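See structure below.
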Amino acid sequence: MRAVVVDRLLEPRDLRASDTAEPELFPGGLAVDVKAAGCNFFDILMVQGRYQVKPPLPFTPGAEVAGIVSAIGAEVDGFRVGDRVLGTVPFGAFAEQVVVPARSAWRMPDGMSFDEGAAFPIVYPTSYAALVLRANLRPDETLLVHAAAGGVGLAAVQIGKALGARVLATAGGAEKLAIAREAGADVCIDYRADDWPQQVKAATHGRGADVIYDPVGGDILDQSLKCIAWSGRLLVIGFAGGDIPAIKANRILLKNIAVVGLHWGAYATHEPARVPEVFSALFEMYASGSIRPTIGARYPLERVAQALEALGSRRTHGKVVLVP
């Protein structure tokens, strides 16, 4: 089969697809013929050796997958050969076939395309768990979403609207702001403007945002403290900007705010019952039309280098998917 094999730490531009052996089916696993694989910022960090998860070499990157079950391992119930599934793997999705743990696989909802399926199983649960489980976002509140034209950002905008919140979105440039607006954002602000925190205050009549969703970090997080409401919740989702910021504790105290982290992947270990709960809620939202993955770019597997370079340079919006 064809797969992206990393045999040494390298830059995304050096990635290539090559011939390799098919993965071995293990008990509790589903062999899945890959129809689409989602790309994430952490894939870039992983091939560079800069991510907290460091697979032994050689390995195949990619954590989000959608495809068709071709074989079922021992100790698996509830799936059949031919099922259309989406799921997650620690790594291995950038290939023509992957073995997905059955506990991490879900039947795709009716009407969902494989591209949408590959764009779903990380960014949507991440945003839902952040907004619902961690921030307890309420219908009468204002949500500010940073990097709102990216994968997790668009998911947060859509889920925030589905939950009944008023959504403010930041992004860089008119094109990305238009994408956030199309996803449902009520107010769109270019965060390249020096006064964007003041624009947030103005859009909330001086109060600030009740919940701020930040997958960027760096200076964005620091500036967010200027436009968060009294008793607001600042969600730390990631550090796509590259810099991990420090927060002065007196600022947390003076505005009575909570700084709340979200590590979605750890729920499978610490609160596994939450995982099916979150997917069930998301599939209901999808069925109602409240959420819909946005595919910003689609690349063949052979162009994995271009796909990850485009993602890393922020030239894309929504999700980037690879198609074997």
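The values are calculated or read from the model by the stated rules, or taken from the named source; none is laboratory data. Being a predicted model, the structure only gives us computed values, none of them experimental. A quick note on method: Cβ atoms are made from the backbone with ideal geometry, for glycine too, and the neighbour counts reach across all protein chains shown. Areas reflect the complete protein model, heavy atoms only, side chains present, ligands, DNA and RNA absent. Shrake-Rupley method; radii C 1.70, N 1.55, O 1.52, S 1.80 Å.
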Subset of region 84-106, residues closer than 21 Å to SER280 by Cα and buried (at least 17 other Cβ atoms within 10 Å of the Cβ), comes to ARG84, VAL85, LEU86, GLY87, THR88, VAL89, VAL100, PRO101, ALA102, SER104, ALA105, TRP106
How many residues of region 118-154 are open to solvent by 30 Å² or more (accessible area, probe 1.4 Å) and more than 30 Å from LEU301 (Cβ to Cβ)? The answer is 7
Pairing a residue in region 271-293 that is surrounded by 15 or more Cβ atoms within 10 Å (Cβ to Cβ) with any residue that is aromatic (Phe, Trp, Tyr), where Cβ atoms lie under 6 Å and the two sit 6 or more apart in sequence or on different chains, gives ARG274/TYR267; VAL275/TYR267; VAL278/TYR128; PHE279/TRP106; LEU282/TYR124; LEU282/TYR128; PRO293/PHE120
Just one listed residue, out of VAL85, VAL47, VAL76, is part of a loop (DSSP other than H, G, I, E, B) and either over 17 Å from the mean Cα position of the chain (by Cα) or of a type in the set (A, V, I, L, M) (or both), and it is VAL76
- Message: Would you confirm whether or not region 233-243 contains a residue that is under 20 Å from GLN198 (Cα atoms) and either surrounded by fewer than 21 Cβ atoms within 10 Å (Cβ to Cβ) or of a type in the set (Asp, Glu) (or both)?
- Response: no
Filter result for GLY206 (open to solvent by 10 Å² or more (accessible area, probe 1.4 Å), part of a loop (DSSP other than H, G, I, E, B), over 17 Å from THR294 (Cα atoms) and touching a Pro at 6+ places or on another chain (Cβ under 6 Å))
no
Per the filter on region 169-203, residues assigned to a strand (DSSP E or B), under 19 Å from the mean Cα position of the chain (by Cα) and not β-branched (Val, Ile, Thr) are ALA169, ALA171
